[in-house]
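Student: Sharing a structure below in structure tokens format, with a few things to ask.
The values are calculated or read from the model by the stated rules, or taken from the named source; none is laboratory data. These figures come from a predicted structure and were not determined experimentally. To get the accessible areas, we keep the full protein, side chains included, count just its heavy atoms, and leave off ligands, DNA and RNA. Shrake-Rupley method; radii C 1.70, N 1.55, O 1.52, S 1.80 Å.
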Amino acid sequence: MSSAAFVSPAPSETGSQPIRVALVDDQQLVRSGFTMLINSQPDLEVVVQAGNGYEALAAMSATAADVVLMDVRMPTMDGIETTRRLMERSRSAAAGSWLSELKIVVLTTFDLDEHALAAIRAGASGFLLKDAPPEELLGAIRTVYRGDAVIAPSTTKRLLAHVAPLLGDPDPANDRHHTAVESLTVREREVFGLIAEGLSNPEIARSLFVSEATVKTHVGHVLSKLDARDRVQLVLIAYETGVVSPG
């Protein structure tokens with residue numbers, strides 16, 4: 001991701017204010033490379049750089065950000081615990097504030113599946129491979145900021161499938177999720193299952209022969225009933241409750 005030459009700048013998605021990005025990674029070279037790439041885009045701006053979780057928590061007590069790119073493995077405080085603490089702040093923040101809308105993307109590799117899953121459970125909105133192409137990283141930031149689609153749904157599904165056995169571990173939230181899933185209407189259950197299979201809203205609309213606006217309405221109902229922050233959380237709940245299974 002060292003060069004932005006292959007990425008065409010996108011129109012600003014926030015009007016006059018760019019999307020504010022926090023980078024949390026213990027490798028200075030990685031932070032520098034990501035910063036150069038992100039700041040090359042007119043609609044994105046790196047506002048925080050931190051080398052570990054403690055630095056990130058301190059910096060984000062003073063500086064507002066919209067999206068955090070969080071490395072999983074760091075010294076002192078790893079990305080999982082940092083995500084958990086930031087999400088605790090987010091849940092207690094005033095509605096409509098930047099902190100209440102904060103999104104976290106975990107940077108991971110396939111050999112860290114369990115760590116990525118733990119970060120999702122802690123409240124991360126998705127995960128991205130650290131060696132992803134530049135355009136995928138930039139697109140992920142914009143996508144998560146909008147909150148209208150999961151990052152790389154097929155990748156999400158594959159990675160969760162690798163760690164599906166862990167999803168059956170005892171967890172009080174599982175019973176609550178089972179009850180919530182049972183409250184879904186037949187159509188909402190269909191939409192829920194298709195989200196878990198990695199389909200986007202347009203793909204779900206085509207599959208069910210309904211309008212995209214109708215799908216968005218159903219997705220909103222499913223998110224509300226399952227008390228999920230975003231579609232990544234829905235995928236996780238679908239695996240936990242057996243709505244979908246590996247393979």
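Student: Return the sequence-ordered ³J(HN,Hα) values of the range 114-124 in whole Hz as given by the Karplus equation 6.51 cos²θ - 1.76 cosθ + 1.60 applied to θ = phi - 60°, using x for Gly and Pro.
Tutor: Taking θ as phi minus 60°, the curve returns 4, 5, 5, 4, 4, 5, 5, 4, 6, x, 5 Hz for the range 114-124.
Student: From the protein chains alone at 1.4 Å, what is the descending order of accessible area for K225, K103, K216, K130, largest first?
Tutor: K216, K225, K130, K103
Student: Residue by residue through the range 48-54, what is 3J(HN,Hα) from phi via Karplus (6.51 cos²θ - 1.76 cosθ + 1.60, θ = phi - 60°)? Round to whole Hz and write x for glycine and proline.
Tutor: 9, 10, 9, x, 7, x, 4
Student: Largest first, please: the extent of the C-alpha atoms of the range 31-130 along each principal axis, to the nearest Å.
Tutor: Ordered largest first, the range 31-130 gives principal extents of 35, 33, 23 Å.
Student: If ligands, DNA and RNA are left out, what is the accessible area of S61 with a 1.4 Å probe, given in Å² to the nearest 10?
Tutor: For S61, solvent-accessible area is about 90 Å².
Student: While we're looking at this one, here's another question. What are the ³J(HN,Hα) values, in whole Hz, obtained from phi via the Karplus relation 6.51 cos²θ - 1.76 cosθ + 1.60 with θ = phi - 60°, for each residue of the range 68-83 in sequence order, with x given for Gly and Pro?
Tutor: 10, 9, 10, 6, 6, 9, 9, x, 6, 9, 7, x, 5, 5, 5, 4
Student: Enumerate the whole-percent occupancy of each 10 Å bin, from 0 to the last occupied one, for all C-alpha pair distances of the range 172-245.
Tutor: Distribution as computed: 21, 59, 18, 2 percent.
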